[in-house]
Each structure stands twice: as structure tokens, then as C-alpha cells.
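Participant: Starting off with a structure, shown below.
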Amino acid sequence: WGGGGWGNPLQRDADLVALEVRRGLVTKAGARRYGVVLTDDLAVDAAATAALRAELAPLLKRPEGEVFHRGKPLEDLIRAAKEETGLDAPRHPAAMKMRGPHTKLPYVKEWIKSFEGGAKY
């Protein structure tokens, strides 16, 4: 799950994506976002991977020279967090009760106050 990454995801080494799936860092469904199709035993299906990457390539066209892509807007990621990861979306610190001695510092008080009426990232 994630919001973006460095370079074109379709150029990631398919074997490294498969390794990340086996390590539990990426889901099998998430590997498809890199254009990687895995077999039931989590090996790369080379033919299906090539076909999926060819299908996805036009959808990922970026402006010439753009290297870093930030991905979906944060609001979309927060909305999809539970469905895509099984975990609740992270909450902004200002949406939680702040505790500790740092909360008495003037700049921390100002920061917390700036979020009154609704925490926004």
C-alpha cells in the first residue's frame, strides 16, 4: 500500500517485487500495481507480467523528466486504507489527545491550536 514511489513502478524488477510479497511487505494484489503477476506459489508469471505491464504502461505515462510520483491524493489513500490493508487509516496527531511534557511548549500549543475545528494534514 502506498502513495507513490521513485521512478516508474512498471520498471521495478519483478523478482524483487515477488520477494517483497513473500516477505509480507507487499500483497499479491499490490504486486499487480507494479505490473507483476504471481503464481499461487508466489513465483513471477513472466508472460502474464509482460502482458499486464503492456496494458498498464499507457495509464502510467508521466510528463517527460518526472522521476518522483507522489501517487493518489492523501484523501483517497485514507478512504481506501481499511479495504486495501485491513488496517484503519492513520489519524493526524491533532485528532488524538496529546500527552507528555512537550505539549506545554508554546510552539506545540500553537500547532495543536491550529487544528481546532478539524485536523487536516
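The values are calculated or read from the model by the stated rules, or taken from the named source; none is laboratory data. Just so we're clear, the structure is a prediction, and the values are computed from it rather than from any experiment. Note that we place each Cβ from the backbone using ideal geometry, even for glycine, and neighbour counts take in every protein chain shown. Just so you know, the surface numbers come from the protein's heavy atoms only, side chains and all, with ligands and any DNA or RNA stripped out. Shrake-Rupley method; radii C 1.70, N 1.55, O 1.52, S 1.80 Å.
Participant: Search the range 77-94 for residues that are polar (S, T, N, Q) and pair each with any residue that is part of a loop (DSSP other than H, G, I, E, B) and at pLDDT below 85 when their beta-carbon atoms are under 9 Å apart and the residues are at least 6 apart or on different chains.
Facilitator: Qualifying pairs under 9 Å: Thr85/Trp1.
Participant: Find all pairs meeting these conditions: Cβ atoms under 6 angstrom apart; at least six residues apart or on different chains; first residue within the range 30-55 and touching a residue at least 12 places away in the same chain (Cβ under 8 Å); second residue part of a loop (DSSP other than H, G, I, E, B) and surrounded by 15 or more Cβ atoms within 10 Å (Cβ to Cβ).
Facilitator: Pairs found: Tyr34/Arg12; Val37/Asp45; Thr49/Val36; Thr49/Val37; Leu52/Gly35; Leu52/Val37; Arg53/Gly35.
Participant: Let me spell it out: the conditions are (1) open to solvent by 60 Å² or more (accessible area, probe 1.4 Å); (2) modelled with pLDDT under 85, and Gly7 meets all of them except one. Which number is the exception?
Facilitator: (1)
Participant: What's the total number of residues in the range 18-40 that are under 21 Å from Glu83 (Cβ atoms) and assigned to a helix (DSSP H, G or I)?
Facilitator: 9
Participant: Output yes when any residue across the range 104-119 is modelled with pLDDT under 85 and either within 22 Å of Glu20 (Cβ to Cβ) or among the aromatic types (Phe, Trp, Tyr) (or both), and no when none is.
Facilitator: yes
Participant: Collect the residues in the range 41-68 that are outside any helix (DSSP H, G or I), at pLDDT below 95 and on the phi < 0 side of the Ramachandran plot, keeping them in residue-number order.
Facilitator: Lys61, Arg62, Pro63, Glu64, Glu66, Val67, Phe68, listed by residue number.
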